[in-house]
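Data first, discussion second: the structure below is written as structure tokens.
The values are calculated or read from the model by the stated rules, or taken from the named source; none is laboratory data. Quick caveat: nothing in here was measured; it's all calculated off a predicted structure. Cβ sites come from the backbone with ideal geometry, for glycine too, and all protein chains shown count toward neighbours.
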Amino acid sequence: MSSNVTQKGLKYWQWRTIIVTMVGYAIFYLVRKNFSFSMPGLGAEFGITKTQLGLFLTLHGIIYGLSRYVVGIITDRNSARKVMSLGLMLCAIVNILFGTSDFFTRLIMGVSAKAGDGAAIASVLVYVMGMLWLINGFLQGMGVPPCTKTLTQWIKPQELATKMSIWNMSHSIGAGLAIALCGWVVMPHLGVDMSGNPEAVSAIAANLGLEISDPKVLQFAAHYGAWRWCFLIPAGVAFIGAIWLFFTLKDSPSDVGLPEVVGKKKAIVTTPEEAAEHAAFVKKHVYGNRIIWTLAAANFFVYVVRFACLDWGPTILTENKGLSMASATTVMLFFELVGGNLGMLFWGWATDHIFHSKAHHTSLVCMIGAALCVFLFWKLPVGSSWVAMLFPFMMIGFFIYGPQALLGICAAQHATNRASATANGILGIFGYASTVISGVGFGYVADHYGWNGTYVTVIVAAILTIGVLATIWGAKATGYDEE
């Protein structure tokens, strides 16, 4: 095979792999970030408080972070294709169970399905839903590690920041699809109209602790039960996507008869000797690497800012800023699909072409911009038009999705392609441990201190990220020269 033919084949399969993993991981988001748009409906129908909803987010995030670490270790030793497709299939099943959880909870308790019974089953249903969402959190950890491992097998280190930033658009694309599906299609159109049933409306009002005439009660009465379709429809997409992934994803170039991009193929560890050598490598380049732990600490604070906007965005925009759900959905889509995607593309390119592949430098600059944009959005008067709110909120996405993508790339560069999934697993633990603050912490602050306290929390998190990254300013771009 000539060199020219080999390069053409490699380029084709490289971009095919990027696209397949992008689509696959975007589908993971459909069965994860759907929960954010179900939160108002769950609160209305069953009286679940913001603190309880925040606890859902926190526990899900912690389990997800731990899962990314565990799955990262497993993936570095096994087929990424099998791990990723199996994980997506199982996530689809759990989402189906979550979407029907109130039915089998009522069945177990022997409670008839009347609107006024929401409060009666709420205490049990919270535990049922919480357990299912914890399981989903663990299974979601089977998404990122296979992608990280696969892409470091296919992409040269000098091109990794640019091309993995393109792949990282899957985060925003997936979240944007979840936002559009749930915010524009499911919530407005697939609920059961209870507005003509006074008893049902009274039950909703009682669960919310509001008068029947309150706009929130009337809004949810018109779309009662829509929350469940936020889980059932994405689950169908995920089921099909899992089958597609299994048959289209390839682990490394040698699987299609091409030479490896970096060194020899390191896809599967089989013998005791290989396992011992791999463990020694990981111990030195991951667990004993100060840069990896510093990046993980920075990732914690980056995710506080990101999840504050992503998980609580619909609630903040409607309850704090006074937007309708439709307008809030539009602002969220611009945050993800425009701000987030443009940010990932630009900052990935800037890392390789301006910052000499030093992703930690780029990330520090991004967090300065993110802090300023959060402050600007905070100071916009309540009742401002959605157009006025769109730009600063979109720019938060532009800046925050830079480090969201680049810190993982930086970790992969320093751990090399032999341990990239394990290193990203550590970052995942720290990133999703942040839900202690952005989940239940955020809900508690909102319930007891108002929204101003939550804005202060986000800005402090951004400033702490800047301080942490400043401690490794002098670090090299990659760890390949030390391998």
Checklist (1) over 30 Å from Lys156 (Cβ atoms); (2) within 22 Å of the chain's Cα centre (by Cα) applied to Gly383, failing item: (2)
Scope the stretch 105-164; condition touching a strand residue (DSSP E or B) at 6+ places or on another chain (Cβ under 9 Å) and either modelled with pLDDT of 90 or more or under 24 Å from Ala359 (Cβ atoms) (or both); matching residues: none
Residue within the stretch 67-81 that is of a type in the set (S, T, N, Q), modelled with pLDDT under 90, part of a helix (DSSP H, G or I) and within 16 Å of Trp227 (Cα to Cα) present: no
Qualifying residue in the stretch 227-245 (condition: in a loop (DSSP other than H, G, I, E, B) and either among the polar types (S, T, N, Q) or at pLDDT 85 or above (or both)): no
Of all residues making up the stretch 449-480, the number that are under 21 Å from the mean Cα position of the chain (by Cα) and under 29 Å from Lys156 (Cβ atoms): 1
The lone exception for Thr49 - which of (1) of a type in the set (Val, Ile, Thr); (2) in contact with a Gly (Cβ under 9 Å, 6 or more places away or on another chain); (3) modelled with pLDDT of 75 or more; (4) more than 30 Å from Val282 (Cβ to Cβ) it fails: (3)
Some residue of the stretch 447-465 being buried (at least 24 other Cβ atoms within 10 Å of the Cβ), within 22 Å of Met169 (Cα to Cα), of a type in the set (A, V, I, L, M, F, W, C) and modelled with pLDDT of 90 or more: yes
Which numbered condition Met187 fails, given (1) at pLDDT below 85; (2) out of contact with any Cys (no Cβ under 9 Å at 6 or more places or on another chain); (3) over 30 Å from Thr416 (Cβ atoms): (2)
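Yes/no matrix, rows are residues, columns are (1) crowded, with 19+ Cβ neighbours inside 10 Å; (2) in contact with a Leu (Cβ under 6 Å, 6 or more places away or on another chain); (3) modelled with pLDDT of 80 or more; (4) farther than 30 Å from Ala462 by Cβ:
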{"position": "Asp255", "(1), (2), (3), (4)": "no, no, yes, yes"}
{"position": "Leu258", "(1), (2), (3), (4)": "yes, yes, yes, yes"}
{"position": "Lys264", "(1), (2), (3), (4)": "no, no, no, yes"}
{"position": "Glu274", "(1), (2), (3), (4)": "no, no, no, yes"}
{"position": "Val286", "(1), (2), (3), (4)": "yes, no, yes, no"}
So Cys373, is it within 20 Å of Gly428 (Cβ to Cβ), in contact (Cβ under 8 Å) with a residue 12 or more places away in the chain and not hydroxyl-bearing (Ser, Thr, Tyr): no
The lone exception for His360 - which of (1) free of Cβ contacts under 8 Å to residues at least 24 places away in the same chain; (2) closer than 25 Å to Gly425 by Cα it fails: (1)
Residues located in the stretch 137-169, provided they are among the charged types (D, E, K, R), surrounded by fewer than 24 Cβ atoms within 10 Å (Cβ to Cβ) and part of a helix (DSSP H, G or I): Glu159, Lys163
Wholly enclosed helices (runs of 4 or more DSSP H) of the stretch 400-483 bearing at least 3 residues in contact with a Pro (Cβ under 8 Å, 6 or more places away or on another chain) and not acidic (Asp, Glu): 420-433
Among residues of the stretch 386-440, those that are of a type in the set (S, T, N, Q) and either surrounded by fewer than 24 Cβ atoms within 10 Å (Cβ to Cβ) or over 30 Å from Leu317 (Cβ atoms) (or both), counted: 6
